[in-house]
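Written out below as structure tokens is the structure these notes cover.
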Amino acid sequence: MYRIQLQHKDFMVINKGPGLGMHDEGGEPGLVNRVKMDTGLELYPAHRLDKMTSGLVLLARTPVVAGQLVLPVP
């Protein structure tokens with residue numbers, strides 16, 4: 001359902017498959033919690049993808065980095 005594409009000291013790049021939500025749903029862990037459980041890291045999404053959308057997701061390793069990765073809306 002997901003693959004770790006890149007691990008950096010400040011963030012991870014995850015390739016999310018379709019059908020996997022970002023957050024827990026119906027007692028099933030979402031992407032963020034699955035990666036947390038598999039890696040033992042505390043992670044913070046910098047953005048999200050819809051459940052049926054596949055693609056790359058950026059997960060920060062700290063709240064400070066998450067704030068730096070989020071771009072302001074013009």
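Worth pointing out:
- Of the set (1) modelled with pLDDT under 95; (2) charged (D, E, K, R); (3) touching a Gly at 6+ places or on another chain (Cβ under 8 Å), all apply to Arg48 but (3).
- Condition check for Met52: without any contact (Cβ under 8 Å) to a residue 12 or more places away in the chain, of a type in the set (A, V, I, L, M, F, W, C) and loosely packed, with under 11 Cβ neighbours inside 10 Å: no
- Selection count where residues are β-branched (Val, Ile, Thr) and open to solvent by less than 40 Å² (accessible area, probe 1.4 Å), scope the range 55-73: 2
- Residue within the range 3-19 that is exposed (fewer than 14 other Cβ atoms within 10 Å of the Cβ) and of a type in the set (Val, Ile, Thr) present: yes
The values are calculated or read from the model by the stated rules, or taken from the named source; none is laboratory data. Please read all numbers here as calculations on a predicted model, not as lab measurements. A quick note on method: Cβ atoms are made from the backbone with ideal geometry, for glycine too, and the neighbour counts reach across all protein chains shown. The area values use the complete protein model at the heavy-atom level, side chains included, leaving out ligands, DNA and RNA. Shrake-Rupley method; radii C 1.70, N 1.55, O 1.52, S 1.80 Å.
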